[in-house]
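J.: Pasting a structure below so you can have a look.
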Amino acid sequence: MNYTFISGIPASGKSYLAGKIAKAVGAAHIETDKWREEMKRDNKLRKWVDFFRDKNEVEYWDVTNCNEHWKNIKNQSEAFWPVILKNIKKIQKSGKPAIFEGVNILPHLAAKDLLFPGIFLLGDSYEVVFERNKKDPRWGKTEKLQKKEAEAFFYCERLKYKEEAEKYGFKVFFNIKNAEEELLKIFKYEI
């Protein structure tokens, strides 16, 4: 197999794992989040690129429940999907092996359009997700907000990714070691 993807909650170790596997199998590590700069130039997508950052985070967490938050993530991901898919296909045309990694590769989108396997990495503990988020904050400028964000990642998004991934037949992993073994199998790499 020349291609795979890693998606799942922020701060679960996706980037670390993608980089490690890419190096081991000689594939490119493609961070789909980096395509947001391209998306920002499109007036229709700009609002989605900055959707969360444009909100008052304190108010957002006070008034947004888990289902509404997941709906926002789905809407953002579906808006981004044509650009993500176009760029994935361009890389596939090059024939170079690649691991695509990013939060906006949702199971229902991958099942519909990607003709290669992938996994969802969901983090093994809230504490680890929180510590990683503090080191590389996604949104929150204060530790209190970073904690709220990590709670949303771990206690809301994690469940939604899991439910949707299992619905579409994707494997779900909570720790990097087991996910690593699966990805190496996808690339038929001898462990």
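All of the numbers you see were taken from the coordinates with simple rules; none came from a lab. This one's a predicted model, so the numbers in the text were calculated from it and none came from an experiment.
J.: Can you work out the base-10 log of I(q)/I(0) for segment 3-186 at q = 0.17 1/Å, using the Debye formula on its C-alpha atoms alone?
T.: -1.15
J.: Normalised by the number of residues in the chain, what is the relative contact order in percent for Cα pairs under 8 Å and 6+ residues apart?
T.: 37 percent
J.: Pick out which of N178, N43, N67 has the largest mean-square fluctuation in a Gaussian network model of the chain, springs linking Cα atoms closer than 10 Å.
T.: Looking only at N178, N43, N67, the largest GNM fluctuation is found for N43.
J.: Find the all-direction average of the projected area of the Cα convex hull for segment 23-88, expressing the result in square nanometres with one decimal place.
T.: Value for segment 23-88: 6.0 nm².
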